[in-house]
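Participant: Before we start, here is the structure in question, set down as structure tokens.
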Amino acid sequence: MCGIIGITSNKLVSSPIINSLKKLEYRGYDSAGIATIDSGFIKEVKCEGRVESLEDAVSKSKLTGNVGIGHVRWATHGVPNTINAHPHSSENVSIVHNGIIENSTLLKKFLINKGHKFKSQTDTEVIVHLITEYLKKDNLKDAIIKVLKKLHGSFALGIIFKDNPNLIVGARRGSPLAVGYGPGENYLGSDSYALKSMTNKISYLNDGEFCIIKKDNVEFF
Ligand code: GLU
């Protein structure tokens, strides 16, 4: 089990993401992390241990940005350390994941043959590289559809993109995922508890659904 949160807003998102991660700590506490689109680039801050340590690291890093994702981890693939902490990112894509990708070994071989370099021992990192690979030829929606078809196993995902800096993609199969609606901002979260301090307008993704969340609208596919 892991906890995920995403916020796209008019305002800075790192503190509300940290606050939501504190509520999600019951879902995982071996490491925690956050990524935002900060001055046009994906910037990650992650650490081993509890959200409290992440909060310190984030305040030292002066992380800014109006779109971001966060994660508390309960490791299934790869030891609990900072490198294996989520989010996992390429230059253009950053992901938080709750679940298990059962065919990650096979997908990793395919991606290494295409020249992708892996940093972590997690199953999750294959999703980052697969999306990065498909985005070379496909638009965002087609790339997501193709990647989700390739994954075996369970997932709730929150994904941000350097080249589409205003949105978050959410997707689920098996693992739970909620969307929250607020004034000038919208959210993604593992449960309503994570979103409660920001909104009580919440809906749940159906199994197999994905969504594109912008600060003023949410589309489901
Ligand atoms: N499989 C991922 C990892 O080990 C996510 C873990 C989970 O959802 O519990 O990092």
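Participant: Write out, first by first residue and then by second, each pair whose Cβ atoms fall under 7 Å of each other, whose residues are 6+ apart or on separate chains, and whose first residue, in the stretch 63-85, is in contact (Cβ under 8 Å) with a residue 40 or more places away in the chain while the second is open to solvent by 60 Å² or more (accessible area, probe 1.4 Å) and in a strand (DSSP E or B).
Facilitator: Here the result reads 63/43; 76/100; 80/48; 81/48; 82/48; 85/48, each pair linking the stretch 63-85 to a residue that is open to solvent by 60 Å² or more (accessible area, probe 1.4 Å) and in a strand (DSSP E or B).
Participant: Looking at (1) open to solvent by 10 Å² or more (accessible area, probe 1.4 Å); (2) more than 21 Å from residue 131 (Cα to Cα); (3) at pLDDT 95 or above, which is the only condition residue 180 fails?
Facilitator: Here residue 180 clears every test but (1).
Participant: On to the next question. Quickly run through the stretch 52-77 and pick out the residues that are near the ligand (Cβ under 10 Å from one of its atoms) and open to solvent by 30 Å² or more (accessible area, probe 1.4 Å).
Facilitator: Passing the criteria: 74, 75, 76, 77.
Participant: Could you grab me the full set of residues in the stretch 1-40 that are hydrophobic (A, V, I, L, M, F, W, C) and outside any loop (DSSP other than H, G, I, E, B)?
Facilitator: Of everything in the stretch 1-40, those that are hydrophobic (A, V, I, L, M, F, W, C) and outside any loop (DSSP other than H, G, I, E, B) turn out to be 4, 5, 7, 17, 18, 21, 24, 32, 34, 35, 37.
Residue-wise test of (1) among the charged types (D, E, K, R); (2) more than 24 Å from residue 75 (Cβ to Cβ); (3) outside any loop (DSSP other than H, G, I, E, B).
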site: 120; (1), (2), (3): no, no, no
site: 157; (1), (2), (3): no, no, yes
site: 176; (1), (2), (3): no, no, no
site: 179; (1), (2), (3): no, yes, yes
site: 193; (1), (2), (3): no, no, yes
site: 211; (1), (2), (3): no, yes, yes
site: 216; (1), (2), (3): yes, yes, no
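Participant: From the list 166, 200, which one is among the polar types (S, T, N, Q), within 18 Å of residue 96 (Cα to Cα), open to solvent by 40 Å² or more (accessible area, probe 1.4 Å) and assigned to a loop (DSSP other than H, G, I, E, B)?
Facilitator: Every option except 166 fails the conditions.
Participant: State whether one or more residues within the stretch 55-66 are assigned to a loop (DSSP other than H, G, I, E, B) and in contact with a helix residue (DSSP H, G or I) (Cβ under 6 Å, 6 or more places away or on another chain).
Facilitator: yes
Participant: When you check residue 127 against the structure, is it in contact (Cβ under 8 Å) with a residue 60 or more places away in the chain, in contact with a strand residue (DSSP E or B) (Cβ under 6 Å, 6 or more places away or on another chain) and among the β-branched types (Val, Ile, Thr), yes or no?
Facilitator: no
Participant: Those residues that are open to solvent by 10 Å² or more (accessible area, probe 1.4 Å) and in contact with a helix residue (DSSP H, G or I) (Cβ under 6 Å, 6 or more places away or on another chain), I need them from the stretch 115-135; list them, please.
Facilitator: Selection gives 116, 118, 129, 134, 135.
Participant: For residues in the stretch 21-36 being open to solvent by 20 Å² or more (accessible area, probe 1.4 Å) and touching a Lys or Arg at 6+ places or on another chain (Cβ under 8 Å), which is farthest from the ligand (Cβ to nearest atom)?
Facilitator: 23
Participant: Could you tell me whether any residue of the stretch 118-125 is within 13 Å of the chain's Cα centre (by Cα) and not aromatic (Phe, Trp, Tyr)?
Facilitator: yes
The values are calculated or read from the model by the stated rules, or taken from the named source; none is laboratory data. As the structure is a computational prediction, the values presented were derived from the model and not from experiment. Please note: Cβ atoms are built from the backbone with ideal geometry, for glycine as well, and neighbour counts cover all protein chains shown. What goes into the accessible areas is simple: the full protein's heavy atoms, side chains included, and nothing from ligands, DNA or RNA. Shrake-Rupley method; radii C 1.70, N 1.55, O 1.52, S 1.80 Å.
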